[in-house]
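Here's the structure we're looking at; comments come further down.
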Amino acid sequence: MAINTEALGAESGPRQRTWTSTDALLYALGVGAGAPDPTGAELEFTTENCRDITQRVLPTMGVVLSAAGLPLDQLGDVNLAMLLHGEQGITVHREIPVEGTLETTSKITGIWDKTKGAVVDVEATSVLADTSEPLFTTRMSLFFRGEGGWGGDRGPTVTVEEPDAPPDVEVAYETRTDQALLYRLNGDRNPLHSDPAFAADGGFPKPILHGLCTYGFTGRALLHGLCDGDPARFGSMDARFTSPVMPGETLTVRMWRTDDGAVFRTHGSDDRVVLDAGRFAYAT
């Protein structure tokens with residue numbers, strides 16, 4: 001066991017990130033906005049100069065805007081090749097502007113012993129740089145294979161029961177066969193999503209879709225299926241990654257309404273679950 005459990009509480013940042021209208025448009029295209037109908041309901045996310053339409057930002061863009069580097073250097077001699085993205089969450093404190101500068105600080109909030117691996121929880125808080133107004137908070141759980149077994153606390157387990165009833169809302173989006181090549185322009189240039197040889201080394205028949213791209217497609221489905229397409233109504237979204245997605249697959253998001261939002265799952269083309277334990281809450 002090489003992971004340094006003393007890293008609990010370690011922080012990174014604050015760091016700044018500036019984004020533009022073009023960045024917001026590129027993110028929207030990267031998660032499929034406009035593909036079903038380029039002249040339809042998503043023009044406010046995909047264009048900046050349409051008559052009588054004001055550009056807005058998809059709420060899940062916060063997962064790529066967060067500026068602070070992860071304090072993983074504090075974890076000791078861990079093998080980053082054994083790292084898997086386990087869970088992702090975001091809480092949006094106000095609608096994200098189409099351009100601006102933010103400041104992000106991240107913190108390791110949990111290190112858990114899962115016997116065959118270790119889970120590291122990281123939370124990042126982003127504020128507008130000029131006013132310090134809270135913008136969004138992101139959460140992620142990282143699974144380090146082979147780093148468990150020191151006899152530590154296993155940590156909390158989040159379970160979400162899928163209701164024994166048809167979903168209240170179901171939204172399906174087709175991903176493009178080149179979706180990963182488009183999404184990677186948001187900043188994640190991991191060759192697993194673009195290089196066939198690198199993907200083959202990882203045991204995949206071809207480059208896979210970014211997990212956060214699947215997350216963004218799911219966020220779009222929640223936005224349109226539950227919030228009437230209004231980002232101001234989008235509060236928070238959390239889910240667990242359970243299966244890789246191949247570009248070109250259809251993603252189907254099934255939602256069951258709750259008192260304050262919904263629970264959801266995202267399925268791939270063969271109906272396997274690719275995002276599980278999904279929880280959505282409206283803005284308050």
Handout entry: Which listed residue, of Glu162, Glu147, is farther than 23 Å from Val122 by Cα and not in a helix (DSSP H, G or I)
Key = Glu162
Problem - Filter result (in contact with a strand residue (DSSP E or B) (Cβ under 6 Å, 6 or more places away or on another chain) and on the phi > 0 side of the Ramachandran plot) within region 233-260 - result: none
Exercise for the section: Find all pairs meeting these conditions: Cβ atoms under 8 angstrom apart; at least six residues apart or on different chains; first residue within region 136-161 and under 16 Å from Lys114 (Cα atoms); second residue hydroxyl-bearing (Ser, Thr, Tyr) and loosely packed, with under 14 Cβ neighbours inside 10 Å. Expected result: Gly148/Thr115; Gly149/Thr115; Arg154/Thr115
Exercise for the section: For Ala180, work out the one condition from (1) outside the structural domain of Arg233 (by TED's automatic domain parsing); (2) not in a strand (DSSP E or B) it doesn't fulfil. Expected result: (1)
Completion exercise
Within region 83-116, residues on the phi > 0 side of the Ramachandran plot and of a type in the set (Gly, Ala, Ser) come out as Gly100
Problem - Close pairs (7 angstrom Cβ cut-off, 6 or more residues apart or separate chains): under 18 Å from Arg145 (Cα atoms) and assigned by TED's automatic domain parsing to the domain that holds Phe136 in region 1-21, of a type in the set (Lys, Arg) and not in a loop (DSSP other than H, G, I, E, B) anywhere - result: none
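Please work out which residue is surrounded by the fewest Cβ atoms within 10 Å (Cβ to Cβ), limiting yourself to region 29-50 and to residues that are hydroxyl-bearing (Ser, Thr, Tyr) and in a loop (DSSP other than H, G, I, E, B). I'd like the intermediate steps shown before the answer.
In the first step, residues of region 29-50 are kept if they are hydroxyl-bearing (Ser, Thr, Tyr); the result is 39, 46-47.
Those still in the list that are in a loop (DSSP other than H, G, I, E, B) too: 39, 47.
Numbers: Thr39: 10, Thr47: 16.
Looking at the filtered set, the residue picked out is Thr39.
Looking only at region 124-140, decide whether some residue is surrounded by 14 or more Cβ atoms within 10 Å (Cβ to Cβ), at pLDDT 90 or above, in a helix (DSSP H, G or I) and of a type in the set (Lys, Arg).
Going residue by residue through region 124-140, those that are surrounded by 14 or more Cβ atoms within 10 Å (Cβ to Cβ) are 124-129, 134-140.
Narrowing further to those that are at pLDDT 90 or above: 124-129, 134-140.
Still in the list and also in a helix (DSSP H, G or I): none.
Checked against the condition, which is being surrounded by 14 or more Cβ atoms within 10 Å (Cβ to Cβ), at pLDDT 90 or above, in a helix (DSSP H, G or I) and of a type in the set (Lys, Arg), region 124-140 yields no hits at all.
The values are calculated or read from the model by the stated rules, or taken from the named source; none is laboratory data. All figures in this text were calculated on a predicted structure; none of them were measured in a lab. As a convention, Cβ positions derive from the backbone with ideal geometry for all residues, glycine included, and neighbour counts pool all protein chains shown.
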